[in-house]
Amino acid sequence: MAQQKITSASTKLTELLKLQIGNISQTIENEGQNIFGGSNNLLGTDEITDFCIEFLQLLVALLESRDPHDDASPQFHALEMYFNNLSKQILVRGGRVEDLVRYIQFMQRTLIEALDNDKKITVEDARAILLFLSGIFNELILAVFQAYLDEKERTIYAQEAELRETATPITEIWDGVLTLPIIGTLDSSRTMLVMEALLNRIAKDHANAVVMDLTGVKNIDSQVSHHLIQMVRAVQLMGSDAIITGIRPEIARALTSLNIDLSGVTTRASLSDGLKEAFRRMGIQVSHKAG
Amino acid sequence: MAILGLHLTQIGSGDFLLEPSRSLNIRDQGLLIEQIAERLQQARASCLYYDLSEQALIDPVYYAWLDALARAGQAVNVRMVCVHMQPTAAFALARFMRGTPQFETALDISGWQKTGQ
């Protein structure tokens, strides 16, 4: 009985769409131009026209499918994916998700208003069509939000990657000598990122020495110092030499009170001293030009 | 005399290169160490380079094998230098290792050889 009602509602809606396709298409196209076209510059005129035609084609394909209510059907999936892609396109161009949602609601309203023009539709049919439309459009709005969230997530990942790049400015200051200024706080996750980047860079550049400059580290606790020692150890295991520079007096005091064993670690007062030490170990002599 | 699971090649006067193969079974480490030490002694070796380029990860078991081999080397007056350690292996090893390892490390054989880390 329920299945019959659904089939009847979708048949009626298909007929209605076919009869009024010109009006419906024109109305949603005009609204599309207002929201996305013109000075908003989110979609071109042709893109909006194509979008409206394709939307109505996909909707008719869904209505003519075996079970229009089946949200796992290929027809429904196609409609969902269509909105998902459109949202991505609009969001990438700087559009707002609110506008897109309002536009989808406008489409739904246009279809409902089209019911008014058909005097043959009974109250019962109208009710079934309304329920059917609200079900479909709710799913489409969810698809739009999903696309919005995916896009946001992608942006966050990209920003995180950018932050990682800037947080680990490893520079090859001389052939085989890397410098890594550490600024801010070293927590477990950041240490892992720094360590990973540093070790890969050692392997890539075949670096003989790494000078880690702690001038920008304001304070240190037991966990951070432990991470630091781990980093030094990993560098040494790769076969490079690790030199720590720029340890402030308060950091030195903290390391002493934390009983951190720095016996296997080469330290120098400043970055320039660290570089000199690296050069000395590599047998490089840097001197003023004679005369 | 071939040693199962590894290639031991003389690469200079007193220097040997050990390249472990996939079939290396470190559970037989007692026998392996004995055979390696014998070869090194016969050739009057002074340095053993252990190639870790194929070892993406070093776990405590593998570390114990390296440590035991390095100690055995010390007993027959042979320095052990691990070369080509992969970043992933160094990363993992640095996290669980306590103290100083018994072996030295270098980027490669021709690299900067150090004495004691």
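Values quoted throughout were computed directly from the atomic coordinates according to the rules given, and no laboratory measurement underlies them. Everything quoted here is computed from the prediction, not taken from an experiment. Because the Cβ atoms are built from the backbone with ideal geometry, glycine has one as well, and the counts that use them run over all protein chains shown.
The table for this structure:
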{"read-out": "Dipole axis of chain A (+1 Lys, Arg; -1 Asp, Glu on Cβ), positive-most option in A:76, A:229, A:114", "value": "A:229"}
{"read-out": "Computed magnitude of the charge dipole of region A:171-282 (debye, nearest 20; Cβ of K, R +1, Cβ of D, E -1)", "value": "120 debye"}
{"read-out": "Within region B:6-106: Cβ-based charge dipole about Cα centre, in debye rounded to nearest 20 (Lys, Arg +1; Asp, Glu -1)", "value": "180 debye"}
{"read-out": "Nearest-20 debye value, region A:53-192 charge dipole, Cβ charges on Lys, Arg, Asp, Glu", "value": "300 debye"}
